[in-house]
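Inspection log for the structure reproduced underneath, given as structure tokens.
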Amino acid sequence: MYKVILVDDDELVRVGLESLVCFAKKGFQIIDTLSSAKAALESIHKNQPDVVITDMYMPEFNGIQLIREGKQLCPTAIFIVLSCHNNIDFIKEAFRAGAYDYLLKSTIVNPKNAEQLLDKIASACDMRSHLPAATQDAGANFKELLLSYLQGRTISPDTVQQSLYIKGFDVTGSGFYLSGLQFDNYGALRSVVGNEEELLSKLEQYIDGFLSEYGTGFSVYYENGGFLLLQQVKASTLAISPDDRLLSICERLRICIKNQFLHTCSIHVSTQHTLEQLPAAAQALLSSMAGPLHADSIVRVAPEPPEACSAGERNTPPDPIESVIRYIEENYTSAITLDELANIANFSKYHLCRKFKDVMHMGIINYILMLRIDKAKELLLESDCGYIFEIAEKVGFNDTSYFNRTFKRITGYTPNEFQRMNNK
């Protein structure tokens, strides 16, 4: 059975967790229940637990410090934060410290939620128990291992998966997002700093710190000012898909880098991938980054088709989804109805929506909105862009207020803020 330590200064919470959550049924044994973080560190050092469930606020020091110091005493332990505080800063800090999950105490009393949590932890513990000795200490060689894998060298996906687990990725859950960041004039940036090794260290540290604010993620330097970014992204609300969330994060990263280093970059983003698909996704991103310059912008890299067309298939009729995409790109400035698109694809509206999402990994409405916002950003960066309401009309928005709300939801900034930041 997997060993569990409970840490909370409220005795009622500790007793409640033991009685309400069926730990033994899922293969867990509570070996210690403690009221202070200091006592918890002593128990972690002595017992080497598999799981530590901790409160955020406790005597002596808080749960964040407990996670940091506990990870040093037992690197493979899984830390779960149970807190009354739904504060985004606490949540970010907990994940940066190495927490596996952050849950509100009010949710864990639901038997279904508790069971799902224990199943998730059990899967992670099972994965950890199969780690070979070579991957118990991923250390500084981890990024080299991942880069070699992305470059298509002969490395077992299992080895990479185990290393990702050690680095805090949920290898039993959602897939991975791989993006490519390319500085527009890396030579000029390098000449300003002088020491390239120092520059790369600063860039990696800054990018990794930024990505950690939004979940699990880090950067791997490729060459000539190019970085590959690996992330796991969860939508912050049901109204925003993980794909849209990724675009918003990358847009903020692009602007923050511009303000921090006074140099521009482009970020090439693709869709969600499985671990086995990452090498092919990396090659598609690197090809996009090596192509025509897309200065100071977000570039969406279309997903690769599952199979290349053979010579005999090249004369087949155009793909219905490609025809729909082409129509959207040619008519995004006008109102586009689902009936129009269904007629073009010769599908029912339901079948079109399902097929479009299968291919593009986002809904039709989101795709149209993303295209319009991308075009709006291009217009905002022009010297004679005109008024905001004029730009809204040019990209297909009849309601300026709705345009402003949509622009901020996707980019994190209002059109005026975006324009001012890029014109500094």
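The values are calculated or read from the model by the stated rules, or taken from the named source; none is laboratory data. Computed from a predicted model, the values in this text were never measured in an experiment. What goes into the accessible areas is simple: the full protein's heavy atoms, side chains included, and nothing from ligands, DNA or RNA. Shrake-Rupley method; radii C 1.70, N 1.55, O 1.52, S 1.80 Å.
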Practice prompt. Choose one answer from ALA302, ALA99, ALA282: the residue with the largest mean-square fluctuation in a GNM of the chain with alpha-carbon springs under 10 Å.
Written response: ALA302
Worksheet, complete the sentence: The correct ranking of ARG68, ARG252 by accessible area at 1.4 Å, largest first, is ARG68, ARG252
Discussion item. Could you report the chain's accessible area per residue, 1.4 Å probe, as an integer in Å²?
Written reply: 50 Å²
Worksheet entry | Computed accessible area, TYR402, all protein chains, 1.4 angstrom probe, square angstrom | 100 Å²
Item to complete: With springs only between Cα atoms under 10 Å apart, run a GNM on the chain and tell me which of SER248, SER36, SER401 wobbles the most.
Response: SER401
Practice prompt. Of the listed values (i) 4, 17, 20, 13, 10, 11, 11, 8, 5, 2, 0, 0; (ii) 5, 17, 19, 16, 12, 10, 9, 8, 4, 1, 0; (iii) 4, 18, 26, 24, 18, 8, 2, 0, grab the one calculated as P(r) over Cα pairs in 10 Å bins from 0, in percent from the structure here.
Written response: (iii)
Worksheet item: Which of PRO320, PRO242, PRO292 moves the most in a Gaussian network model of the chain with Cα springs under 10 Å?
Response: PRO292
Worksheet, complete the sentence: Once amide hydrogens are built 1.01 Å from N within the peptide plane, the residues lying 5 or more places from GLN29 or on another chain with amide H under 5 Å from its amide H are TYR2, LYS3, VAL4
Worksheet item: Excluding same-chain residues fewer than 8 positions from LYS46, which lysines have a Cα within less than 30 Å of its Cα?
Response: LYS3, LYS25, LYS26, LYS38, LYS71, LYS92, LYS105, LYS120, LYS167
Worksheet entry | DSSP bridge pairs, the chain: antiparallel proportion in percent, nearest 5 | 50 percent
Item to complete: For the chain, with all protein chains present and a 1.4 Å probe, just round the carbon and sulfur fraction of the accessible area to a whole percent.
Response: 50 percent
